[in-house]
Amino acid sequence: MNRNLKLLWLADALSHLGTSLYTLVLTLLALQVSRHAFGAGLVLFVTTLPYLVLGVMGGAVVDRFNRGAVARKGAGEEAACSRHSRLNLRRTGGERMNVLILSGSLRNPSHTRALLDEVATLLHERGCRVHLFDLAETTLPPCDPAYHRRPGDHPDPHVRRLVQLADAADAFVWGTPNYHNSYSGALKNALDHLTMDQFRNKPVGLVANSGGMRSTQPLDHLRIVARGLLAVAIPIQVATCDGDYAQEGGGYRLVDPTVKERLRHFVQQLVVFAERLR
Ligand SMILES: Cc1cc2nc3c(=O)[nH]c(=O)nc-3n(C[C@H](O)[C@H](O)[C@H](O)COP(=O)(O)O)c2cc1C
């Protein structure tokens, strides 16, 4: 059994023991003071009263909401807690997760890049080692099919660096601007420099930014590309539009609270997938 789980289990056992001892002592005290079994019984009954009253009231309150959603939320939070503690265990063991982020916009400043900076921060907070490969900063040559089977031998040092980073990655995030209802050519070119060897059974998180309205079309198309590379595109994806950002210091910053919340779930799911598929 790993150390943190053992500690959690011991703390829980100790807590239950404390509660049981407290109830026992209270009952004995009631017996001593009242000199009657009824007094002790009454104390025991009173200690269970909150469960009876609040349980029924809680049930009535929950019935006003979608019961399935409440149950799922409860189960989800619990599962997230246990997953989170397990992930922290891994990290304390020195196994940090490597995540390679590809930014597919050639604009500077770029909304997509701002979105990916936010993703990088959230991944850092979860203890991941993050590399952000911005295609606006690093110009890659057009894909050369001669190196399709051996991309590590490519003469361009940037391509070789990309291959190295992709080899070392446990998970990926692909970010793209919406170009004519799809992903950018720059991102596709970067992906075409890589092969199934870099992606097989690794999770990929997908995010996209569009101009006027949020659109999932570039993400739908990227899902097909991920499948072609034998990667696993995670179910949660994030689509933004220019209106979700504020201009700040010559750049952009994601400000929409709903998108920011979704981004947290997205990152959590990516880390969970990476942990499971590792
Ligand atoms: C070639 C091209 C095609 C575009 N096509 C679309 C489109 O189909 N739908 C859309 O909402 N925005 C479209 N846009 C707008 C971009 O998605 C928008 O400018 C976005 O902010 C780009 O993100 P970025 O700042 O990360 O580059 C297009 C922009 C370009 C340059």
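The numbers here are math on the coordinates, done by the rules we state, and not lab data. These figures come from a predicted structure and were not determined experimentally. Quick reminder, even Gly has a Cβ in these numbers, built from the backbone with ideal geometry, and neighbours come from all protein chains shown.
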Within the stretch 135-151, is even one residue closer than 26 Å to Glu275 by Cβ and within 16 Å of the ligand (Cβ to nearest atom)?
no
Over the stretch 152-168, the set of residues surrounded by 16 or more Cβ atoms within 10 Å (Cβ to Cβ) and either within 16 Å of the ligand (Cβ to nearest atom) or among the basic types (Lys, Arg) (or both) is Arg160
Being within 16 Å of the ligand (Cβ to nearest atom) and either farther than 27 Å from Arg214 by Cα or among the aliphatic types (A, V, I, L, M) (or both) is the requirement here; does Ala171 meet it?
no
Since Val130 meets every condition but one in (1) closer than 19 Å to Gly211 by Cβ; (2) under 15 Å from the mean Cα position of the chain (by Cα), which condition does it not meet?
(1)
For the condition within 18 Å of His265 (Cα to Cα) and touching a strand residue (DSSP E or B) at 6+ places or on another chain (Cβ under 7 Å), what is the one hit in Leu187, Leu219, Leu162?
Leu219
Residues satisfying the stated conditions in the stretch 174-217, i.e. in contact (Cβ under 8 Å) with a residue 60 or more places away in the chain, away from the ligand (no atom under 11 Å from the Cβ) and within 21 Å of the chain's Cα centre (by Cα)
Trp174, Asn201, Lys202, Pro203, Gly205
Go through (1) surrounded by 15 or more Cβ atoms within 10 Å (Cβ to Cβ); (2) within 16 Å of the ligand (Cβ to nearest atom) for Cys128 and report which single condition fails.
(2)
Give the stretch 233-260 a look and list any residue that's part of a helix (DSSP H, G or I) and more than 18 Å from Pro177 (Cβ to Cβ), or say none.
Pro257, Thr258, Lys260
